1. Report the gain in length on full extension from Lys631 to Arg484: 0.36 nm times residue separation, minus Cα-Cα distance, nm rounded to one decimal.
2. Starting at the first residue of the stretch 117-125, write each ³J(HN,Hα) from the Karplus equation 6.51 cos²θ - 1.76 cosθ + 1.60 with θ = phi - 60°, in whole Hz, x for Gly and Pro.
3. Please state the charge dipole magnitude for the stretch 411-810, taken about the Cα centre, from unit charges on C-beta atoms (+1 on K and R, -1 on D and E), reported in debye and rounded to the nearest 20.
4. Can you order the peptides 378-391, 492-505, 787-800, 677-690 by their average number of other Cβ atoms within 10 Å per residue, highest first?
5. What fraction of the DSSP beta bridges in the chain is antiparallel, stated in percent and rounded to the nearest 5?
6. So how strong a dipole does the stretch 44-109 carry about its Cα centre when Lys and Arg Cβ are +1 and Asp and Glu Cβ are -1, to the nearest 20 debye?
7. Computed FRET efficiency, Cβ-Cβ of Asp655 and Asn806, R0 30 Å: what is it to the nearest 0.05?
8. Below 19 Å, Cα to Cα, which aspartates and glutamates can Lys663 reach? Residues fewer than 8 away in the same chain don't count.
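Values quoted throughout were computed directly from the atomic coordinates according to the rules given, and no laboratory measurement underlies them. Quantities reported herein were computed from a predicted structural model and do not represent experimental measurements. Positions of Cβ are generated from backbone atoms using ideal geometry, with glycine treated the same way; all protein chains shown enter the neighbour counts.
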Amino acid sequence: MSRQSSHGGYENYQASRPTFYIGQHDSGRTDALTDSQYGRVLDYGFSFATAPITNKHFHDRVVALQKSYLADVAARDLTAAERANPSLPGPTIPTLTDDDTSLFPGPNITSIVAYCSPWIDLYAADPLVASLSRQVLNLEVAYASFCGVRSVIIPGPRADDDEKRVAQYGRAIQEALRQAARTILVIHLPMYREPGLEEKGDTLSGAGVYPTAASTAVAGEEIDLYSAWDTWHTVRSMCAYDPRLFVAVRIPKRLPETELQTRWFAEPLHYLTFAASIFQQNRAGFPSLSKSHQTLINKYMRIKNAPYVLLSDVGPDAAELADAVDFHASVASASAGASSGADFPSLAEAHSSPSSTDKKKHRSASNAYFSYLKYLEREQEPYTATETSTLATFQDWLQSPLQPLADNLESATYEVFEGDPVKYDQYEKAITAAMADWKRLNRPSSALPRSGAAAVPAGTPTIPELVVAVAGAGRGPLVTRVIRASKATGVPIQLWALEKNQNAYVYLLRMNKQVWGGKVHLIKTDMREWAGPIAEGHEATGTVTKVDVLVTELLGSFGDNELSPECLDGIQRHIARPHGISIPQSYTAHLSPISYPKVYAELAGRAPSDENAFETPWVVHLYAIDLVSQKVPGHPRFQQAWEFVHPVRLPFVEDWNAQHGLKKVQTGGGGAMTLAAGLNEHNVRHCHLKFVCRPRGVMHGLAGYFESVLYQPAPAANGSTPEPVEISTRPDQIDRKSKDMISWFPIFFPLKKPLYLPQDSEIEVSMWRQTDDSKVWYEWLVEVFVWAGQSSRVKVAASELHSSRNVACLM
Ligand SMILES: C[S@@+](CC[C@H](N)C(=O)[O-])C[C@H]1O[C@@H](n2cnc3c(N)ncnc32)[C@H](O)[C@@H]1O
C-alpha cells in the first residue's frame, strides 16, 4: 500500500525527550576564543561557541579603506557626471593577513560556529557600502571554510522594506555559497521585527540608518509580522533553495500569532537564538521564559534535525573568560610545582595556589540562562508512542508509493503493517459490529443448506453461517480478526482468504495449519479472477455461492491510490445482493495546501536526475509543514476531494454483461481517456476546491489524507444511529476516529514551482483521478487569486498541470 512501509512500529518506543544542544554567543566578542577560553565555555555546559572570523584590526582596515576612497574621490575634483559614472572604479579589499583574524584551524574548529562581521551591511542603500560588505562576506566565508568551520552565521538585513536591497542581499548570499563548497551558511533573522530585537552596533552604513526600539516606538508604526519571513523567502528563493542555506531565528520577547510560529517551524531552522533581553525574571530572580515560549521550544525541538539553541549575550563575558585563562594557567603552574617536589604541596604552595573551593567554583561554573534551558529540556513531555525514534527518522522522508497490486510485498513490509494494532482493532470492531447486526436483525446468509439438512421454515435465516471473505489477506492478520469477531459475537462463519502474492500465500497456508485449525479456505488468486466461494458441503458439485461480508484493506495514503476501487470492482459481483456488505463501506480522499520548503529543496535537488520528481505523489511522514490555509466558513482547512462507495450498485461491466453476455466490452472508446473502451471510466474522479489564506506565504504542494467508514452499524432498537467505525489520517480527525494509527503516512503532491500567496489570497485546486483502463494516475493544478476590489478577482499565480501518468499505478 502507498503507506509507510518500513518503520519499526511501536516496539521502538522509548520514554525519552529531545536533547538541547546549547551554544554561546557574545555579540561584543571581537576575537576568536583561545583553546583555554573555549574550554572554559564548555565548563559552563555549553556544547559550542561562536567566534568572529575577523577582528578589530580588519574592521579598522576596511573602515580606513572606505574613508580613504571617499576622500580620494572628493579630492579628485570630478564633475558630477564623472562621479555618477557607474564605471568609476570602487575599492578592493586586500587579502586577509594573520593580523586580521584570530581564528585558525585547530582541534576545536568543528565545534566553533563562525559569525560574520556584524558591521557589514549587505542591504546598504549606498553602493560603496554594499560592495565593501559583499567583499568582506566573501573573504570571511572563504577563510572560515578554509579553517574547517562547519557553519557560518551571517547577520540578516536590518530591514525588509526595500525589495531592491533585499534582492541585493540575496545575490550576495548566493555568491557567498559559492565561496565555500561544504560550509553551511545560516542567515540570522528575527522571527519578526520586534522593537528591541534589532542587531546592535553600527554598520559601515553609519549610525542611525536603521530603526531602533526607540525610533520604532516614536514612529508608532504597525509592525508587519511577516516582513522578516518574506525577506528570508526572497533570499532562499534566489539561492534556489540551496540545501546549505539555513536560517537562525531570533526569538522575540512577545511571541507572534501561531501562523507565523508555524511558518518558521517549517523552514530549515539551524539555530534558535535567545538574547538575555527576552527572558523575564521569576520570583526567585532567575531568568525564565513565558509558557508560550516553552510551548514553542517544545514544538520546535521535536523536529528530527532539531535546531541548536544559541544563547546570546548571557555570559560568560570577556572578563570572566580572561579570568579563566589566569585560573587555568595558575592551576597548571601549581600542579607542575607540586609534582616536581613532594607528593603534597607545602602549606605555602597550597595557600598560594587556587583554593579547592575556588577550583570547585570554577569547575562547576554555572550560567543561569543555560541552567534554565536545561531545566526546560528536562521538563519536556516524553516522546509519545507515535514519536518513536524510528518514526522520527521518517519525518519528511520521501518514499515512493507501494504498488501492492503490481508488485509482491516482502514479509518485512507485512510485518511493518502488523506492527500497528490500531488499524486491526478498528477492522475487528467493524467486523464485530457487522456480525452483531446480522444476528440481531436476522439478516439472511449465503451459506447453502448442506445436503441432508432439514428444511427450515421460510422467513427465518436458513443457515446461520455467514460467508466471509478476506481478499488481499497478506499474512493473515485480518483473517485472525474475523475469527475473533465470530467467536465474540457467536456468529458462525465460512471463511475464505484470497491472496495474489504467491509468497504470502505460503505463509497463509502455514497459518491455516498452525493457527486457524485448517478452517480457512485459502485461494491463491487475483481477487478479480476469483470464481466465487464454493459453499461448504457442496464441494462435490462445486456449487458457488455469494459472499455476505467482504473484508479488504487495499487502501493507500490517499485512499484510492492503491487501486482499491479497481480491485473491488473485480470481486464485488460475488457480494450477496441486496444485504451483502463490503468492509470498508466507503473511503474519501482529502487535501490541504501546504508550505514544505525542506522537501521542496530535496525534490529540486533530485529533479535533474529524476524527471518525475515533481510529478510523483510521494508518501511522506509530513512533519515540518505549514498548513497555509485558514478555516473559514464554507472553506475548511482539510477538504474532501472525492469518495468511493462499495459495493457499486450499477457497475458498468456487470451492466454490459447483463445486456451483452460475456462479449468483450466494445464502446468505440470515444468518451474515454486516450480512446480506451471506458471499462474503468466510473472510477474517474474530479474535484475543484477553494482554500482561503489570510497571511501571505508560499505553497509547495498539497498534503493528501484519507478517511474510511469501515462499517456503519444499523440503527439501535431505540432508533438511535450508532457512530460509524472509521479510520482517518486527517490531522484534525485522527485522534477522534483512529487515535495513534501509524499505518499510513500522508501523501504529498508537489508543485514544480512554489506559488507565492499574497495576503488574503484564495487557492483553487483542481485534481483529477484519471484512468485509461490499464492504469490510474492523478493530475493536479493550483491557481492563486486575490481580490482587487469588491467584485474583481485577479489570478496572481498558477502551477502547471502536474501529472503522475509516467509513474501511474498499474491495474
Ligand atoms: C495492504 S496489504 C494488506 C494485507 C493484510 N490484509 C493486512 O492488513 O495486513 C494488501 C494485500 O492485498 C494483496 N492484493 C492487492 N491486490 C490484490 C488483488 N487484486 N488480488 C488479490 N490480492 C491482492 C496484496 O498482495 C497485499 O497482500
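1. Value of the extension gain: 48.7 nm.
2. 4, x, 8, 6, 9, 6, 9, 4, 6
3. About 580 debye.
4. Top of the packing list down: 492-505, 677-690, 378-391, 787-800.
5. The answer is about 55 percent antiparallel.
6. 140
7. 0.40
8. Correct list for Lys663: Glu529, Asp569, Glu654, Asp655, Glu681, Asp773.
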